[in-house]
Amino acid sequence: MMILDPDREDRLPPAQPQRRRGRPHEDPFLCSGRDSPIRCAACKGHFTAAAHPRGKTYGDGSVRRHYLSATYGGGCGKTIADQRILDRAISAMTLKRLTDPQQLALIRKIQADHRALREPHEAEISRREDLRAYWDKRLDRGVITIAQHDEAVRELDAAIVSERRRLAQLDTIPVPDLDDKIIGQIITGWASASPIERYRDLRRVWRGFQIFVAPGSSTDSEEEVRRRISRPRPIPSSA
Ligand SMILES: [Zn+2]
């Protein structure tokens, strides 16, 4: 009874990502999807793609589609733009992000700041693990009893657990996992990538950021659509 809809995945509860395995989106639309960085400027909702109501086609014969703000995600349902035109504009922004020195510097800074947040906790874990290894060795050699060992490592273990928890919290901050190699692969592969690869790369490139598109006409030109696209904005962090 499942209706085959490119946005079908949207309706699955987000808490069960493993259900996606083996049967991912079939030809997803670049800018649609609940987890998309591309959002409606009016309601902050995500997009879905709809076929032209009277079956109008593009030059190559496939049915025209336009994005609209997805009402089933609680969005406003307004029309955003022609699908191919918005895809082109967002593709260009994405590739520009990966070649623009200022944007790359910002990505590097976000990564460095995040590493700096993690470092003291990692150092603390490693220091306490060394201490624990010392007590383990003493126990192995029979220098101390099990009870003495328990006593010695109890606080260490509790501290390690708590430091790990802090690291796990920090890891919920969305940080782009882009390095030179991945960036190069995305740039050179973008044009020939499959829709699903581009869909994934888009999320990768904009991790931690959102781009808002103001509602408008599905007949707007690319130039007009570009004017309705916001600059990328960092997602406010709660961690
Ligand atoms: Zn909306």
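The values are calculated or read from the model by the stated rules, or taken from the named source; none is laboratory data. Model, not experiment: these values are computed from the prediction. No Cβ is skipped: glycine too gets one built from the backbone with ideal geometry, and neighbour counts run over all protein chains shown. The area values use the complete protein model at the heavy-atom level, side chains included, leaving out ligands, DNA and RNA. Shrake-Rupley method; radii C 1.70, N 1.55, O 1.52, S 1.80 Å.
Using θ = phi - 60° and the Karplus curve 6.51 cos²θ - 1.76 cosθ + 1.60, what whole-Hz ³J(HN,Hα) does each residue of the stretch 28-37 get, with Gly and Pro shown as x?
Result, rounded to whole Hz: x, 7, 3, 9, 9, x, 4, 8, 6, x.
Hey, what number do you get for the chain at 222 nm if only DSSP H runs of n ≥ 4 count, each worth -39500 (n - 2.57), divided across all residues, to the nearest 500? List each step's numbers first, then the result.
Details: 6 runs with 107 residues, N = 239.
One gets -15000 deg cm²/dmol as the mean residue ellipticity at 222 nm.
Per the 1.4 Å probe, what fraction of the accessible area of the chain, in percent, lies on carbon and sulfur atoms?
So the carbon and sulfur contribution to the accessible surface is 53 percent.
Given the Cα atoms of the stretch 79-139, and with Rh set as the inverse mean 1/r over their pairs in the Kirkwood sense, what is Rg to Rh to two decimals? Intermediate values should be presented prior to the final figure.
On the way: Rg = 22.8 Å, Rh = 15.7 Å.
When Rh is taken as the Kirkwood radius, the ratio is 1.45.
Based on Cβ point charges of +1 for Lys and Arg and -1 for Asp and Glu, what charge dipole magnitude is obtained for the chain about its Cα centre, in debye rounded to the nearest 20? It would help to have the intermediate numbers written out before the result.
On the way: 43 positive and 34 negative charges, 135 e Å.
Dipole of the chain, to the nearest 20 debye: 640 debye.
Compute the distribution of all C-alpha to C-alpha distances in the stretch 101-170, in bins of 5 Å from 0, and list the percent of pairs in each, rounded to whole numbers.
3, 16, 18, 15, 12, 10, 8, 6, 4, 3, 2, 1
By how many degrees, between 0 and 90 and to the nearest 10, does the Cα long axis of helix 146-170 differ from the longest principal axis of the chain?
20 degrees
Calculate one ³J(HN,Hα) per residue across the stretch 93-102 by plugging θ = phi - 60° into the Karplus curve 6.51 cos²θ - 1.76 cosθ + 1.60, and present them in order as whole Hz with x for glycine and proline.
In residue order, the calculated couplings are 4, 5, 5, 5, 4, 7, 10, 8, x, 5 Hz.
Mind listing P(r) for the chain? All alpha-carbon pairs, 5 Å bins, whole percents.
1, 6, 11, 13, 14, 13, 10, 7, 5, 5, 4, 4, 3, 2, 1, 1, 0
Skip the ligands, DNA and RNA, and give the accessible area per residue of the stretch 101-170 with a 1.4 Å probe, whole Å². Can you show the working numbers first?
Values: 4900 Å² over 70 residues.
On a per-residue basis, 70 Å².
Cα convex hull of the stretch 25-126: how many Å³ per residue? Don't jump to the answer; show the numbers that get you there.
Numbers: hull volume 17.4 nm³, N = 102.
Per residue, the Cα convex hull of the stretch 25-126 comes to 170 Å³.
How would you order 212-220, 34-42 from highest to lowest mean count of nearby Cβ atoms within 10 Å?
On the way: 212-220: 17.6, 34-42: 19.6.
In descending order of packing, they fall as 34-42, 212-220.
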